[in-house]
Structure formats: C-alpha cells, structure tokens
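Here's the structure we're looking at; comments come further down.
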Amino acid sequence: MRLLTWSARMILSTRKQPPGGSREFWGWLNAVFNKVDYERIKAVGPDRAAAEWLLRCGAKVRFRGFDRWQHDYNALPTGPLGRYKIEAIDATESCIMYRGFDHLEGLEHVEEIKLNKCIYIEDACLEHLSQIKMLQDSVKNMTVVSCGNVTDKGLIALHHLRNLEWLFLSDLPGVKDKDQTVDRLQTALPRLAIELDLA
C-alpha cells in the first residue's frame, strides 16, 4: 500500500513540473541508455554489446546470414561468443547519441546504416563513425534522413568510409551547401552513388 501511495505522489508531483521537466527527464534517460559499458563489451563481444545498445535505444539490427530484423531486446539470440555479427543497423527514430558510439568499435561486418529521424545525431556522430577503421572498410550503404543537427561538416566526414557505394540524403536543414558537399564526397569516393532530396 505504501508503494501505491508513493507512486501516486510521484505522478502528482510530475504534473506540477514546468513543461521542460519532462524533456529533461527523457534526455537524461536517453543518455543513460547510451552509456558505454566496456566490461560488458569484453564479456559478450562487440556485436552483442552493440546490439544490446542499439535495441535499448529503439533501433533495429540484422545479423549476418539472417533476413529478419531484431527489434526486441529480450529476443536477442544467444549462442557462442561471436556467433552473431551485425550486418545492418536501422536507427530510425531511435535515441542513439554520440556518447554511445564507442559501441560501434570492433564491428567488422556492418554493411548498411540507416539514420532516419534521429534527433540526437549530429556531426560529431558521423565523424566518430567515419573514423572507426573496421567501418571504413565494411559500410557500403548509408541513409541520413531528417537528422536536424547534421551539417555539411558531418556529411563530408563520410568520405573516410572508403567502400561506401550508396548514400541517400534527405530533409537535412543543417546542410547549407549541398553542391559543394556532394562534390567533395564524390571526389573522394568516385564509385559513390548519392541520391539527394535536399531543399
């Protein structure tokens, strides 16, 4: 009974908070979800730890050799360490943010990354992702859509993904000089096909 009373007080007290209070709570919670646990990475391997991070943040992963996307954290497959390798990441409407990007270190087989409507994705995220050696070799397809904090600087950093073959960019209000950005990417990556839907 005491717990119910405490819960009721908590609900009532949150109603009295100023409008920004809820936003601050979700920002804090999302930051907690993105915290890197290096001991966990050592214990379960980079692919399992990255999958746990991504699903915890609302993203999906597809493992190498499987057609089905994993979106349920509790249904992640188990098995020998290193058996399941992430091949694709769909972070649509997820809360992944820069502080969690160390989870991507050690991923060797990621060929596709979708960043759609990710409110916390910013230039520093794309720069970090582009500096990860294994991703520089493996990523072939990428989508960046409706990520309002991404600018030309972040997109230009993608030139480090030397095997990138296809890039779709749409609804990126922070991109101010799309022609120069595309030119710089295509100069660095001549095989790269870029599809644009930018204003």
>> If I stretch the segment between His128 and Ala193 completely, what's the gain in nm (0.36 nm per residue apart, minus their alpha carbon distance), one decimal?
In response: 21.2 nm
>> Over 29 Å between Cα atoms: which of Lys114/Lys178; Lys42/Lys153; Lys85/Lys176; Lys42/Lys178 fall into that group?
In response: Lys42/Lys153; Lys85/Lys176; Lys42/Lys178
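Highest mean first, what order results for 160-172, 68-80 on Cβ atoms within 10 Å? Can you show the working numbers first?
Working: 160-172: 18.4, 68-80: 10.8.
Final packing ranking: 160-172, 68-80.
What accessible area per residue comes out for the range 70-199, rounded to a whole number of Å², with a 1.4 Å probe?
Details: 6250 Å² over 130 residues.
Roughly 48 Å² per residue, with all protein chains present.
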>> Considering only protein heavy atoms and a probe of 1.4 Å, how much of the accessible area of the range 156-199 is carbon and sulfur, as a whole percent?
In response: 48
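Given all pairs of different Cα atoms, what value in angstroms does the Kirkwood hydrodynamic radius of the range 87-179 take?
Result for the range 87-179 stands at 12.9 Å.
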>> I want the local charge near His109. Using Cβ-Cβ distances under 9 Å, sum +1 for each Lys or Arg and -1 for each Asp or Glu among the other residues.
In response: -2
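Efficiency by 1/(1 + (r/R0)^6): what FRET value for Asp177 and Glu108, r their Cβ-Cβ distance, R0 = 35 Å, to the nearest 0.05?
Details: r = 34 Å, r/R0 = 0.98.
Taking R0 as 35 Å, the efficiency between Asp177 and Glu108 is 0.55.
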> Label points 7 Å out from Cα along the Cβ direction at Trp166 and Gln186: separation in nm?
Replying inline: 1.8
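Around Glu165, what is the net charge, scoring Lys/Arg as +1 and Asp/Glu as -1 over all other residues with Cβ under 14 Å from its Cβ?
Numbers: positive: Lys140, Arg162, Arg191; negative: Glu111, Glu112, Asp137, Glu195.
Charge balance near Glu165 sits at -1.
For every other residue with a beta carbon closer than 13 angstrom to the beta carbon of Ile156, add +1 if it is Lys or Arg and -1 if Asp or Glu, then tell me the sum. Let's see the in-between values first.
Working: positive: Lys153, Lys176, Lys178, Arg184; negative: Asp123, Glu127, Asp152, Asp177, Asp179, Asp183.
Taking every Cβ under 13 Å from that of Ile156, the sum is -2.
Give me the extension gain from Asn149 to Lys35: residue separation times 0.36 nm, minus the current Cα-Cα distance, reported in nm with one decimal.
Numbers: separation 114, 0.36 × 114 = 41.04 nm, distance 2.06 nm.
In short, 39.0 nm is gained.
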>> Taking the Cα of His159, stepping 7 Å toward and past its beta carbon, and measuring to each backbone N in the range 111-147: which are under 15 Å?
In response: 127, 130-131
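The values are calculated or read from the model by the stated rules, or taken from the named source; none is laboratory data. Note that this is a predicted model, so its numbers are computed, not measured. With ideal geometry, Cβ positions are generated from the backbone for all residues, glycine too; neighbour counts draw on all protein chains shown. Side chains included, ligands, DNA and RNA excluded: accessible areas come from the protein's heavy atoms. Shrake-Rupley method; radii C 1.70, N 1.55, O 1.52, S 1.80 Å.
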